[in-house]
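The values are calculated or read from the model by the stated rules, or taken from the named source; none is laboratory data. Since the structure is predicted, the reported quantities are computational estimates derived from the model, not experimental observations. So basically every Cβ, Gly included, is an ideal-geometry build from the backbone, and we count neighbours across all protein chains shown. All accessible areas refer to the heavy atoms of the entire protein, side chains included, with ligands and DNA or RNA removed. Shrake-Rupley method; radii C 1.70, N 1.55, O 1.52, S 1.80 Å.
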Amino acid sequence: MIYVVYGKEEYLVDQKVKELAPTSINYDLEFDSLKDVLFDASMMTLLGDKKYIVVNNPYFLSIAKEGDPVIDTTMLEDYLNNINPNTVLVFKYYKDKLMESKKITKLLKNKGVFYEFNKTNNLDIIKDRLDGFKIDKESINILLDRVEDNTGILINEIEKLKTYKYDSKEITKEDVLTINKYEEIDFFKFIDHIINKEKNLALNEYFSLLNQKEEPIKILIVIASKIRLMYQVKVLSEKG
């Protein structure tokens, strides 16, 4: 089976890939060759069990940019005409759009299944995941403000709230403020330490977050969000 999972919502992309390929061999086309991937995909397993292969950065699905590796997709076209039924091949790409007009994209759509995870409505996610729980509008707004429109963090916070209020099924403003404390840490300060290569200071901030029971993946998501914001500000500033 062939899957293509793509979109800007990296957390949701990762979750879907884990669902499709719970135990996988991982490749990255920035470093690995597509030829090696397809050779692995074509090989039968010893006991005939399913083999899961995840391929990161399939650059051939989007418009080529300077610095992107040049990938010959001829072998992939051949593989699509003779897919190994014991291999689940998942292409994972953090891109919001694919080049639909490309021959290889059309072939993959014909032979496989595509999942797109771009901008989602976080309010709908709250309503869906908190079905059966009571939460007022003010508490929802506070939650949305504190997660900075990051879907991955939002889902983590919702799951924590559901566990915290499992018995009463009623979530208040105080519950949201109690559970969601990550904004109390100065992430810009943390990022400054990282950028300035101040290893010990950065580690102190990191361990402070861990002591507050924050998950490493959540910390990474917030850092990425802050750096993205800093970059956007820099670009807009240069444009006046």
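The table below lists the values:
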{"item": "Considering residues of region 60-105 that are of a type in the set (Lys, Arg) and under 17 Å from Asp28 (Cβ atoms) only, the residue modelled with the highest pLDDT", "result": "Lys92"}
{"item": "Scope region 181-208; condition modelled with pLDDT of 80 or more and among the hydrophobic types (A, V, I, L, M, F, W, C); matching residues", "result": "Ile194, Ile195, Leu201, Ala202, Leu203, Phe207"}
{"item": "Filtered residues of region 11-58 (kept if under 26 Å from Ser225 (Cα atoms), at pLDDT 90 or above and not hydrophobic (A, V, I, L, M, F, W, C))", "result": "Lys16, Lys18, Glu19, Asn26, Tyr27, Asp28, Asn56, Asn57, Pro58"}
{"item": "Any chance Val5 is in contact (Cβ under 8 Å) with a residue 60 or more places away in the chain, part of a helix (DSSP H, G or I), within 15 Å of the chain's Cα centre (by Cα) and within 28 Å of Gly152 (Cβ to Cβ)", "result": "no"}
{"item": "Residue within region 81-103 that is in contact with a Pro (Cβ under 8 Å, 6 or more places away or on another chain) and over 25 Å from Thr151 (Cβ atoms) present", "result": "no"}
{"item": "Flag for Ile83 being surrounded by 15 or more Cβ atoms within 10 Å (Cβ to Cβ), touching a strand residue (DSSP E or B) at 6+ places or on another chain (Cβ under 7 Å) and either among the hydrophobic types (A, V, I, L, M, F, W, C) or more than 18 Å from Lys16 (Cα to Cα) (or both)", "result": "yes"}
{"item": "Candidate set from region 214-240 (those that are more than 21 Å from the chain's Cα centre (by Cα) and of a type outside the set (A, V, I, L, M)); member that is most open to solvent (accessible area, probe 1.4 Å)", "result": "Lys239"}
{"item": "Any helices (runs of 4 or more DSSP H) falling wholly within region 94-161 and containing at least 2 residues that are among the polar types (S, T, N, Q) and open to solvent by less than 80 Å² (accessible area, probe 1.4 Å)", "result": "137-146"}
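Residue-by-condition table, conditions (1) more than 19 Å from Lys106 (Cα to Cα); (2) open to solvent by less than 50 Å² (accessible area, probe 1.4 Å); (3) not aromatic (Phe, Trp, Tyr):
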{"residue": "Lys8", "(1), (2), (3)": "yes, no, yes"}
{"residue": "Ala21", "(1), (2), (3)": "yes, yes, yes"}
{"residue": "Glu30", "(1), (2), (3)": "yes, no, yes"}
{"residue": "Val54", "(1), (2), (3)": "yes, yes, yes"}
{"residue": "Tyr59", "(1), (2), (3)": "no, yes, no"}
{"residue": "Ile71", "(1), (2), (3)": "no, yes, yes"}
{"residue": "Leu89", "(1), (2), (3)": "no, yes, yes"}
